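A short write-up of the structure that comes next.
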Amino acid sequence: MIFSFKEMDETPKSRKFGLLKFPFALREEVIRNMEFMDAFHFSTLSKRSKRLVHNAKLRTHSITFCLNTFVANDKIIVETIKDGQCVMISLADPRESFKRKNPDVIDGRKLANLINEPSDDYKKKLSAHLLFIFHFKETILHIEKGVSNVHFERNYTEPLTDFFLWDVRKTFDFVSIGWGSPLFISSEDLKFILETIKSNQYYLGKQINILLKQWINGQITDLESLIGYKRYNFPVDVILDGLVTMDPTITHEQAKKIYSRLEVNGQLMDIQRKVDGQLATVLLDEEGCSVFMWNEKRLAELGN
Amino acid sequence: MSSTEQGTSSAAPAEPTTAPESAAAPEVPESFYYVHGKDKVVHKVSAGALQHSALIHGMISNLGYTEEQAKANPFPFENIDGDILQMVVDWCNQHKGKPTPPEDTNLPKQKEKLFDLVLAVNYLEIKELLTYCCKQVAMMVKGKSPEEIREIWMIPTDAEDEAAEKEAKKRAGKEAAGETAAAAGDAK
C-alpha cells in the first residue's frame, strides 16, 4: 500500500523561522499562551501583530478604569485571571503619579508611546488599544474620590462630561461613583452618567440621597420623578440618610397606578421641599427606589 | 522505499509489552506500526503510543494490518526531519496510556528545533504536545521588550509587510499574465 499525505500547511524553506510562518490557528494558540504584558508588547510591533492579538481572543478577566478626583491617581487595573495578580498602569504624569510610591506600577505614557498610531491623547490611545486587543470579561469604571480634593473637579478644569474615556468607551459592565468613600457629583453629572454611560450595574453610593436633599433644599426644581433600580446597588439607609420623612400622600393601592406596578409591597413615605412645601412620595421596595414629585395637576388627578 | 529496522527508536519498546497476568483476561498482543521521516529512518511505535496522534490513529484504526504488513508499509512523513520525528515518537512512547502532566519541561529550547517540532506536532495532530509546544513558544518572549520580541519571532515592520504585499501582488500579476499568454498559445 502506498500512502500519500497532504503537505504540511506551511513547510519552511529556510532555516530561519518566525512566528508568522506558523498556520493561523497555531499563531493564535501561541498568543493565547502569552502573558499580558508580553502580548501587549507584541501587539505594538505592527498592524499585523495587533490584529493577531485581537483575533486570538486572549481571555482576560477584567479591566478597571479608575478615574480619580485627584488626576495623578488615574489608573488602569487589569486582572488577567479572576482574583489573580493585577497589572497596574498609571495614566498620570510619572512625576506626579502614585507610581513614585509603587515601583510595580507601569507607566502608561511609556506604554502608549509604543503604540504606533496617531493620537493627541496618550490616555485615549492606550485605553483604545487595550480594549481592542484583549477580550475582557468585565469592563469596569470607578469614579473615585481622591485624597486632595473635596469636590469633584478634576484638576479644577475638566468636568466629568469631558473625560477622555467617553471617546473610547461608553459601555461598561459596572460603573461605580464614590466606592469606598462618598463622592458628590452634580445632578447634571449624575444625569449624564445614567443617560449616556451604559452599564449593566451601577453603584451610585450616596448620589440619590444627595439628589433628594438638593430637591428638598430647592437646588433642583425640575425633577418630576426619579427611579433608582436595585441594580444601582444602594442600601435603603444610605438613600434616607438625613432626610425627614412623613406619612405618604397616597395609599399602597393608589401607588400601584402611580408607580405602574401590579402590587406595591414596599415602604411608602413622603418628603417635602422646604421652599414651597411641595411633596414627593418615595417608594422603597424590592425593585429599588422610586420617587414621584407631586404638583397640583397630579394631585387633582389623584382625587384625594 | 528502503526501510530497515536499524533506526528503530531507542525509546520505543523493542518487543510488545505484556499485560499483567490474569486468568480472566487473555493476553492481547500489542500491535505495532512503523513511521519514518525525511531521513528514512524507521521507528517502530506501538498503537497505544500512536493514539496521541489523531492523524495516525485515524489512519490505522481501520487498517487491521498484520505485523508483517505494518512493517512493510511504514507511514512516510517526508516533510518531518528525522530528529524531530524521533522527538515526537519518544514523547508518544513516554506518555503512552498516561495522563499528560500540566507542563512538559523536556521540549527543545533551541528556537529552530522548537518551531520545527510545533509544525510537525500540529501536522500529526497531537493535541497535548501541541499545547506544551505553544506554551514553550510563548515563553520564549516572556519579559522581553518589543524589539527583542521582534527579533526572536522575526516580526516584520509595517513597511516590510507593505513591501512584501506589493511584491506578492506584482508576482501574482506576472503569473496571471503568463498563464493568459500560455492559454492564448494553446488556442492557436
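The values are calculated or read from the model by the stated rules, or taken from the named source; none is laboratory data. On a predicted model such as this, the values are computed, not experimentally measured, just so you know. Don't worry about glycine lacking a Cβ; one is built from the backbone with ideal geometry, like all the others, and counts go over all protein chains shown. To get the accessible areas, we keep the full protein, side chains included, count just its heavy atoms, and leave off ligands, DNA and RNA. Shrake-Rupley method; radii C 1.70, N 1.55, O 1.52, S 1.80 Å.
Normalising the Debye intensity of segment A:225-304 to I(0), with uniform scatterers on Cα atoms only, and taking log10 at q = 0.13 Å⁻¹ returns -0.38. Give the calculated FRET efficiency between B:GLU151 and A:ARG51 to the nearest 0.05, with a Förster radius of 22 Å applied to their Cβ-Cβ distance. Calculated transfer efficiency: 0.60.
For the segment B:116-128, counting C-beta atoms of other chains within 10 Å of every residue's C-beta and taking the mean gives 3. Rounded to the nearest 100, the interface formed by chains A and B buries 3400 square angstrom of accessible surface, both chains summed, with a 1.4 Å probe.
For a straight C-alpha distance cut-off of 20 angstrom, the aspartates and glutamates reachable from A:LYS257 (same-chain residues fewer than eight places away being disregarded) are A:GLU224, A:ASP247, A:ASP270, A:ASP285, A:GLU286, A:GLU287, A:GLU296, A:GLU301.
What average number of partner chain Cβ atoms lie no more than 10 Å from the Cβ of the residues making up A:75-81?
Details: counts 0, 0, 0, 0, 0, 0, 0.
Per residue, the average neighbour count from other chains is 0.
Burial annotation for segment A:36-66: residues with an accessible-area loss of at least 20 Å² between the isolated chain and the complete set of protein chains, computed on heavy atoms with a 1.4 Å probe, are A:ASP38, A:HIS41, A:PHE42, A:LEU45, A:SER46, A:LYS47, A:ARG48.
Excluding same-chain neighbours fewer than eight residues apart, the lysines reachable from B:LYS44 by a Cα-Cα span under 16 Å are B:LYS71, B:LYS96.
Peptide A:20-28 shows a mean partner chain C-beta count of 4 within 10 Å per residue C-beta. Atom-type composition of the exposed protein surface of segment A:225-304 places 51 percent of the accessible area on carbon and sulfur (1.4 angstrom probe). Only lysines eight or more places from A:LYS206 in sequence, or on another chain, were considered; those with a Cα closer than 16 Å are A:LYS145, A:LYS191, A:LYS230. The packing ranking of peptides B:79-89, A:114-124, highest mean first, is B:79-89, A:114-124, where packing means the average number of other beta carbon atoms within 10 angstrom of each residue.
Once each part is reduced to its C-alpha centroid, what is the distance from segment A:195-228 to segment B:146-188 in angstrom? What the calculation gives is 61 Å, centre to centre.
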